[in-house]
Structure formats: C-alpha cells, structure tokens
Amino acid sequence: MASEKVETVIAGNYVEMEWEEGDTSKSAKSKFSELFWHGGSVYDAWFSCSSNQAITILHINVYLLESEVVAQVLLTLPYSFSQLGMLSGIIFQLFYGLMGSWTAYLISILYVEYRTRKEREKVDFRNHVIQWFEVLDGLLGKHWRNAGLLFNCTFLLFGSVIQLIACASNIYYINDNLDKRTWTYIFGACCATTVFIPSFHNYRIWSFLGLMMTTYTAWYMTVASLIHGQVEGVKHSGPTKLVLYFTGATNILYTFGGHAVTVEIMHAMWKPQKFKSIYLVATLYVLTLTLPSASAVYWAFGDLLLTHSNALALLPRTHFRDTAVVLMLIHQFITFGFACTPLYFVWEKFISVHETKSVLKRALARLPVVIPIWFLAIIFPFFGPINSTVGSLLVSFTVYIIPALAHMVTFASAAARENAVERPPSFLGGWTGSYSVNIFVVAWVFIVGFGFGGWASMLNFVQQIDTFGLFTKCYQCPPHKA
C-alpha cells in the first residue's frame, strides 16, 4: 500500500515501521495512543535516557541508575561531594559523564552490528525485544552472553531495590507516622504494577514526566540551598579518608552508569542508529541538573551531609520540598519500571511467554520478579552506601568494562573492521584511537572503580550493617518525637 511507507535504517529493514507525517488514515484513537503510549522517536529516547540517568542520579546517583533514591542519585550526590570535596566532586562528574557516554556509544555500535547481521539472515524481531546478553551471544558466543546476563541482571535487580529504598526514604520526610520499612512494603506493592507496562515503547508519557520531575527537584535543591545559606559553623573538610573518597567516586561512577538498558531503549526506537548522539545530549542535560544541585547543597551544609545521605533530610520542610518529594516518588516508580522491564523480558524468555500477545498473561508471569526485589529492599535499606556498592561491583563491569572489551574483541580481525556497519569517528583516530580509549576505560574502571571503589564501598556497607543491622526498621531516622 502506498500510504504505508517503511523506512529502511542502518540496522536492516525494520519490521517496526514509521508512518509518513502526511498520512491521515490513522484514527483518533491510534493518534492518541501514539502520542501518550506507543513511542519510538528520537525524542522518546532522549526522554528515556535523561529520565533514567537522572533517576539514577537522584538515588545515588539515579540511573541508575540508580540511580536511585529520591530519584536515585540526585539526592545522594551532595553526600558524595561531602566525601570527595567540591573540586573532586565536579571533576568526577564531568569525567564519568564523558566515560559513560563513550561506553553507551560502544553498546549502540554493537547493537546495530548485531541487528544488521541477523536481519541479513532474515531473522524476524517483530515480537522479540533484543537484549544486551543476546547481542553478546550473537557477536561473541555463549561465554560472553553468560557474563553479560549475570552482571546486567544482577545490576538491574539491585537498581530496582535501590528505587524501593529511595521511595521509603523520601516519603518518610513527609509522613513519619510509619517507619521506612513499612513504607517499603507499601511502595513495593505500588511498583509491582509496572508488570502491566509491556515495553519501553510504552514509556513515552512517563519518560517525559520523569524528566520534568527531576528537573524541578534538582533546581529546587539548588535554589533552596542558596536561599537557606550556609549553616552556622559549616565545614567543608572533604576529602579526609581514602575510604570515603573512593566511596563517593564510585557513587558518581554509578550515576553515569544508567545505560544498562541501552539495548532495550534502542530496540524501542524507530531509528536506533541515532541513539549515540541522543545519549550524549542526555548526559549533558543531566550535568546541568547534578552539578548545580550537588554543589549548592554541599556549600550550604558541608560535613553535615556525611551523616545524611539523603539531601532532603537537611532542607527545611516547605511546600516546595514536599512537592519535590512527591515528584521523586512518582519518578522512582518510573525508574523502577525502567530497571525492571529488562528483567521482565529475561524472565519471559526463560518461561517461554515473551512472544505472547496477551498483556495479562505476561503481567502475571512477571510477578515473581518483583518478590526478591521487595525482599532485598527490606534486608538492606542503606540508602546511599548501597548505591556505591552496586556501582563498584556491578556497574563497573556491566556498562564500562564488558562493553569496552566486547567492542575490541568483536572488531579484532581486519575483516570485521573492514565490514563494520559503523566505524569509529575519524577525529578520535579511527580504530587505533578507539582501541586506545577502550583500553584506558577498562584499566581505569577495573583499578579505580572495581578495585579501590569496591574495597571502600564494601567497608562502608559492612559498617552500616554493624551499626544498624539487617532488616532495620528506620535507617538514619532521627529520634521520634513523642
């Protein structure tokens, strides 16, 4: 039919098609659905990346991941600044933001390479969502697939846990009649409703709203801190200990490691080859939120943040703060869905229901995924320290080391480089420059992120367990007034 024009993109002849703008045959219902529900444009990807990064940033960061508490990283970045000091905090944000954009670029290149090869073999992805472990399997074999599956699923599992912990941490500052553990029960049930959202296509309106919510919260924190001014006798003594320094640095590593869902977001795009530039723009936008907010809060409260991992705990209670908390709660719900959806896909494929068209059947099949997340959030309610631990032990491999190594091995042969769907940018020095950057990323993240960061984060995490215990009812809660 002439009215239905399929657009061929770099990654093969996509079965998911884009109608021409001039097509007027759509019903009002389908137009409404496309506007709010079924997205796949570059704008949807930008909203998704920025929203997910910011989420990660709010918690830990979120992001991200986690990235992911008051909106994941945003609320814990001032805590990281108190561990690192102002200068190191700013430098690490810029450095890891750039490094995260590079590895997201590598993942996008590998996805396009994999999909192109498969579609040349006439593989149909009409009812199948491609995931990162499948890209690794198709390009490098089962051992890479298993490593990618292990790290990615574990990271996303704990990323979802962080979202639940963040929900309880945030709502407590509005209503402290219930302890944080009880709030975790409540929000666990609420977040379980994400099983009804089929795929990333259906996050269009949620991604947009999530981005707006994060933007409001970030600028509220900035303005509120500047208006509040510095507390009496404020001290900015960081960095004081190596353990705190590397813990804070790893939290920022986690902040910009929110691209564990890169492949799933790309698969939801009509033109996935545009993802790499979109992610860079999303990262730059996120920096306009995280740098001012973290700097302003740390300037105002200094070392007090060392014992208050959630920045909202120090800001005076106003209607503006309560609004920020409510928006972050909604954002947490969105981020939970972002982190959990790839886990839903993996579980669906494992029990062979992934390609069914019944939304209800898929939703019921997904419910077992939520239960361990709920349970872990109750065991380890350590908002802040858990972000750094996940960042050092899981994010370091999932979104930094494995993508860089996979890119080098995939294009190791001259034939693979010659037939590559997309080659490295010339301004970087082509293949030589690309390999040099990849080797640096692997070495830096393994030594600094996983090595020193893992050591510091685990020490800090164990200290939280010794101080508060497992299953603690109310982590870092002030004495309750009678």
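The values are calculated or read from the model by the stated rules, or taken from the named source; none is laboratory data. Small disclaimer: the values here were computed from a predicted structure and weren't measured. Please note: Cβ atoms are built from the backbone with ideal geometry, for glycine as well, and neighbour counts cover all protein chains shown. Just the protein is used for accessible areas: all its heavy atoms, side chains included, with ligands, DNA and RNA removed. Shrake-Rupley method; radii C 1.70, N 1.55, O 1.52, S 1.80 Å.
Taking only the Cα atoms of segment 58-468, how large is their convex hull per residue, in Å³?
On the way: hull volume 54.2 nm³, N = 411.
Considering the Cα atoms of segment 58-468, their hull volume per residue is 132 Å³.
Whole-Hz ³J(HN,Hα) for each residue in segment 245-255, computed from phi via Karplus 6.51 cos²θ - 1.76 cosθ + 1.60 with θ = phi - 60°, x for glycine and proline: what do you get?
So the J values, rounded to whole Hz, are 4, 6, 5, x, 5, 5, 4, 6, 4, 5, 4.
Can you figure out the FRET efficiency of residue 414 with residue 119, using R₀ = 35 Å and their beta-carbon distance, to the nearest 0.05? Write out the running numbers ahead of the final one.
Numbers: r = 24 Å, r/R0 = 0.69.
Working from the Cβ atoms, E equals 0.90.
Rg (Å, one decimal) plus Dmax (Å, integer) for the alpha carbons of segment 100-225?
Cα-based Rg and Dmax for segment 100-225 come out at 19.4, 60 Å.
If you keep only loop residues by DSSP, which GluC sites (Glu not before Pro) in segment 75-165 have at most 13 other Cβ atoms within 10 Å of their Cβ? Don't jump to the answer; show the numbers that get you there.
Values: sites: 113, 119, 121, 134; in loops: 121.
Taking segment 75-165 and a limit of 13 other Cβ atoms within 10 Å, the loop GluC sites (Glu not before Pro) found are 121.
Under the 0.36 nm per residue contour assumption, what length would be gained going from the current alpha-carbon distance of residue 467 and residue 177 to full extension?
Working: separation 290, 0.36 × 290 = 104.40 nm, distance 2.34 nm.
Extending this stretch completely gives an extra 102.1 nm.
Does segment 344-482 classify as rounded, prolate or oblate by the C-alpha gyration tensor (a ≥ b ≥ c root eigenvalues; a/c under 1.5 gives rounded; else a/b over b/c gives prolate, otherwise oblate)?
Numbers: a/c = 3.65, a/b = 1.40, b/c = 2.60.
In terms of gyration-tensor shape, oblate.
If I stretch the segment between residue 196 and residue 360 completely, what's the gain in nm (0.36 nm per residue apart, minus their alpha carbon distance), one decimal? List each step's numbers first, then the result.
Values: separation 164, 0.36 × 164 = 59.04 nm, distance 0.72 nm.
Length gained, residue 196 through residue 360: 58.3 nm.
Which net charge results when you count Lys and Arg as +1 and Asp and Glu as -1 among the other residues whose beta-carbon is under 13 Å from that of residue 381? Walk me through the numbers before you get to the answer.
Details: positive: 180, 181, 473; negative: 179.
Net charge around residue 381: +2.
Beta carbons within 10 angstrom, averaged per residue: use that to sort the peptides 178-188, 415-425, 457-467, highest first.
Ranked from most to least packed, the peptides come out as 178-188, 457-467, 415-425.
Counting other Cβ atoms within 10 Å of each Cβ, which chymotrypsin sites (Phe, Trp or Tyr not before Pro) in segment 225-316 have at most 10 and sit in a DSSP loop? Kindly include the intermediate steps, with their values, before the conclusion.
Values: sites: 245, 246, 254, 256, 270, 275, 279, 285, 298, 299, 301; in loops: 256, 270.
The qualifying sites: there are none.
Going by a ≥ b ≥ c, the root eigenvalues of the Cα gyration tensor, does segment 299-408 fall in the rounded group (a/c under 1.5), the prolate group (a/b larger than b/c) or the oblate group?
On the way: a/c = 2.54, a/b = 1.53, b/c = 1.66.
Here segment 299-408 falls in the oblate category.
Out of residues 5 or more away from residue 230 or on other chains, whose amide H comes under 5 Å of its own, with H placed 1.01 Å from N in the peptide plane?
For residue 230, whose amide H was placed from the backbone, there are no distant partners under 5 Å.
In whole Hz, what ³J(HN,Hα) sequence does segment 312-319 give by Karplus (6.51, -1.76, 1.60; θ = phi - 60°), x for Gly and Pro?
The phi angles translate into 5, 5, 9, 6, x, 6, 9, 5 Hz.
Given a 1.4 Å probe and every protein chain left where it sits, what share in percent of the accessible area of segment 136-259 is carbon and sulfur? Numbers along the way, then the final one.
Values: 3120 of 4770 Å².
Result for segment 136-259: 66 percent of the exposed heavy-atom area is carbon or sulfur.
Which net charge results for the neighbourhood of residue 416, defined as the other residues with beta-carbon distances under 13 angstrom from its beta-carbon, given Lys and Arg at +1 and Asp and Glu at -1?
Working: positive: 117, 417, 423; negative: 113, 418, 422.
Within the 13 Å Cβ shell, the charges total 0.
Can you pull out the trypsin sites (Lys or Arg not before Pro) in segment 334-379 whose DSSP state is coil and whose Cβ has at most 15 other Cβ atoms within 10 Å?
Loop-located and lightly packed - 357.
Would you please state the base-10 log of I(q)/I(0) at q = 0.16, 0.20 1/Å for segment 253-362, with intensities from the Debye formula using one equal scatterer on every alpha carbon?
So the normalised log intensities work out to -0.98, -1.22.
On a full-extension model of 0.36 nm per residue, what is the gain between residue 232 and residue 212, subtracting their alpha-carbon distance, rounded to one decimal in nm?
Values: separation 20, 0.36 × 20 = 7.20 nm, distance 3.34 nm.
Full extension of this stretch gives 3.9 nm more.
How large is ³J(HN,Hα), in whole Hz, for each residue of segment 374-387 in order, when computed from phi with the Karplus curve 6.51 cos²θ - 1.76 cosθ + 1.60 and θ = phi - 60°, using x for Gly and Pro?
Couplings: 4, 5, 5, 5, 7, 6, 10, x, 8, 4, x, x, 5, 5 Hz.
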